[in-house]
Amino acid sequence: MEDRIKYLFKQYLENKCTRQEMDEFLSLVRASNQDEVLRSLVKKAYDDMLQPPSSLTYVDEYGHLVLTGRDWQPDTALPAKPLQKRRRAPRLVIAACLLLVAGAVGWLVYKPGRSTPTPAVAALTKKTTERSEYKYVLLPDSTQVWLNASSTLEFPDHFNAGKREVNLSGEAYFDVKHADKTPFIIHTGHISTTVLGTAFNIKAYPDRKNIIVSVSRGKVKVSYNDALVATLTRGQQVKVTSEYNTSVEKKIAPAEVAAWQKGNMSYEDEALEDIIADLERLYNVNIRIDNASIRSLKVSTSFRREIGIEQALQVLCKLTDTVLKQADGWYTIQ
């Protein structure tokens, strides 16, 4: 067991983990929170590593854990960015690693109340992703966030005692740290999503006609300004138009929530122009639709990210009886 933990720790610190190894490593660290023997083995494995190279983890000037890795998918190549060298504090890093995965998220119990705008704060931390970029963010309360491409998340350095509020533009998967009587609120334009502790995905790009909230664990309250739109539990999804003309609820397999994290692109009754916008963000390309009459055409399809942009567009062309052209750095659907 000690050798296995040491191996997984070394793979993690050197950013060589496969997804299976990452899941195994996090499970062991999570279990160590309740097992003193296992905890000592994890600490011993870390101490034996001394100053490991290529760690993707460091503690910033606020004492927060920062993970610079963007995507744990081993079969997907993402654009690499050079990491700034920082002085690391081993004790803080191992403590933060244990904090990152400690404990299970409880069932959400919330008090109904008014949804209020985010109060003014002295300073907000902003995390952004570009096209074809993904990012992991650990919030001050240990809530974990995975940002999809072309997204922005804003949050304070310290949450207020009464509630935790963040602003999102784009798409993100949240695993919210449970905190009794301290709701966690995500603001996306007129839509606010309120929880105490749960895991769910929000898709709220500014150019979309609707916002989609999908729940993989716990309970979520979705509101439009002060009006309750839906209360969702595990395996439920709601799609709300930006103008709140309509809202549609449906069941969804929990495994399909945030399928983009696993490289799966899945669409059901989505407007063609919204799917095209996703592909532009995903593959960092430019695409136009010549025929305006098909922009709002509803399409249902799915494909793996690694098939590439041309094959993905060919799938859409077959479904919409159109033709794909490429010239001058543009893909055109005619």
Practice problem: Please work out which residue is surrounded by the fewest Cβ atoms within 10 Å (Cβ to Cβ), limiting yourself to the stretch 176-191 and to residues that are aliphatic (A, V, I, L, M) and without any contact (Cβ under 8 Å) to a residue 40 or more places away in the chain. | Solution: 179
Quiz item: Residue check: is residue 229 part of a loop (DSSP other than H, G, I, E, B), in contact (Cβ under 8 Å) with a residue 12 or more places away in the chain and buried (at least 17 other Cβ atoms within 10 Å of the Cβ)?
Solution: no
Practice problem: Inspect the stretch 235-258 for any residue being open to solvent by less than 20 Å² (accessible area, probe 1.4 Å), charged (D, E, K, R) and out of contact with any Phe, Trp or Tyr (no Cβ under 6 Å at 6 or more places or on another chain) and give the result as yes or no. | Solution: no
Quiz item: So how many residues does the stretch 279-293 have that are over 27 Å from the mean Cα position of the chain (by Cα) and open to solvent by less than 20 Å² (accessible area, probe 1.4 Å)?
Solution: 1
Self-check item: Those strands (runs of 3 or more DSSP E) lying entirely in the stretch 234-334 with at least 3 residues in contact with a strand residue (DSSP E or B) (Cβ under 8 Å, 6 or more places away or on another chain) and within 30 Å of residue 219 (Cα to Cα)
Solution: 236-241, 247-251, 264-271, 298-304
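The values are calculated or read from the model by the stated rules, or taken from the named source; none is laboratory data. Please read all numbers here as calculations on a predicted model, not as lab measurements. With ideal geometry, Cβ positions are generated from the backbone for all residues, glycine too; neighbour counts draw on all protein chains shown. Just so you know, the surface numbers come from the protein's heavy atoms only, side chains and all, with ligands and any DNA or RNA stripped out. Shrake-Rupley method; radii C 1.70, N 1.55, O 1.52, S 1.80 Å.
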